[in-house]
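Below you'll find the structure, written out as structure tokens, and then a few comments.
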Amino acid sequence: MEELKKYIRNIPDFPKQGILFRDITPLLNNASALRRSVELMIAPFQDKGISKVVAVESRGFILGGIIAYLLKAGFIPVRKKGKLPYRTISAEYDLEYGKDTLEIHQGALQEGEKVLIVDDLLATGGTIAATIELVEQEKANIVGITFLIELRELKGREKLKGYSLHSLIKY
């Protein structure tokens, strides 16, 4: 996916000293790169009967919405605690210094429903592990998990063993 890497902007020391932020906005701004990215993100899952796309805020929403449209599937937003207006279910995950909580609307998924989880970036895997927990609480089936970018040195893939993972751009 070297062709797509040129659309990822590196921003050193953001959001804090020592972090190299991978900015996807140049890719989102280029119609052909965006189209190519989402097509490649769904390629392994195209004919799997996916009925719902579950995507994590906020950049995951951008890609997830497009992917849901292309798959003719529904879209389920995963939000931080307190951001959804209806009854929710939640899952906690570890941060570098503390914990955070993700939520989806209760009943957004049906038992046995085929789900594709989407996010822009796989880093440590904590956010996606919590998202998996939410989907499994609803007894839906995770067909796969797809990412635009994977930061291999952070070993997030290790937390997600047993799931079909797909990432396009690897650093």
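The values are calculated or read from the model by the stated rules, or taken from the named source; none is laboratory data. Source: prediction; values computed, not measured. Note: ideal-geometry Cβ built from the backbone for every residue, glycine included; neighbour counts use all protein chains shown.
Observations on the structure shown:
- Candidates Lys170, Lys155, filtered to the one that is in contact with an Asp or Glu (Cβ under 6 Å, 6 or more places away or on another chain), at pLDDT 95 or above and surrounded by fewer than 15 Cβ atoms within 10 Å (Cβ to Cβ): Lys170
- Checking the stretch 104-114 against the condition returns no match, with no residue being closer than 28 Å to Tyr7 by Cβ, buried (at least 21 other Cβ atoms within 10 Å of the Cβ) and in contact (Cβ under 8 Å) with a residue 40 or more places away in the chain.
- One residue from Ala91, Ala123, Ala129 being surrounded by fewer than 22 Cβ atoms within 10 Å (Cβ to Cβ), in contact (Cβ under 8 Å) with a residue 24 or more places away in the chain and over 15 Å from Ile145 (Cα atoms): Ala91
- Highlighted here are the helices (runs of 4 or more DSSP H) found entirely within the stretch 1-106 that include at least 2 residues which are within 25 Å of Arg152 (Cβ to Cβ) and hydrophobic (A, V, I, L, M, F, W, C): 25-29, 31-42, 59-71.
- Options Tyr163, Tyr171: the member that is more than 20 Å from Phe61 (Cβ to Cβ) and out of contact with any strand residue (DSSP E or B) (no Cβ under 6 Å at 6 or more places or on another chain): Tyr171
- Within this structure, Val135 passes the test of being at pLDDT 95 or above and in contact with a strand residue (DSSP E or B) (Cβ under 6 Å, 6 or more places away or on another chain).
- Of everything in the stretch 113-139 that is part of a loop (DSSP other than H, G, I, E, B) and in contact with a Lys or Arg (Cβ under 7 Å, 6 or more places away or on another chain), the residue that is nearest to Glu158 (Cα to Cα) is Gly125.
- Boolean, Asn141 is surrounded by 14 or more Cβ atoms within 10 Å (Cβ to Cβ), more than 17 Å from the chain's Cα centre (by Cα) and at pLDDT 95 or above: no
- Within the stretch 43-54, tally of residues that are out of contact with any Leu (no Cβ under 6 Å at 6 or more places or on another chain) and of a type in the set (Val, Ile, Thr): 1
- In the stretch 44-64, residue surrounded by the most Cβ atoms within 10 Å (Cβ to Cβ) [restricted to those that are without any contact (Cβ under 8 Å) to a residue 60 or more places away in the chain and more than 29 Å from Pro12 (Cα to Cα)]: Gln46
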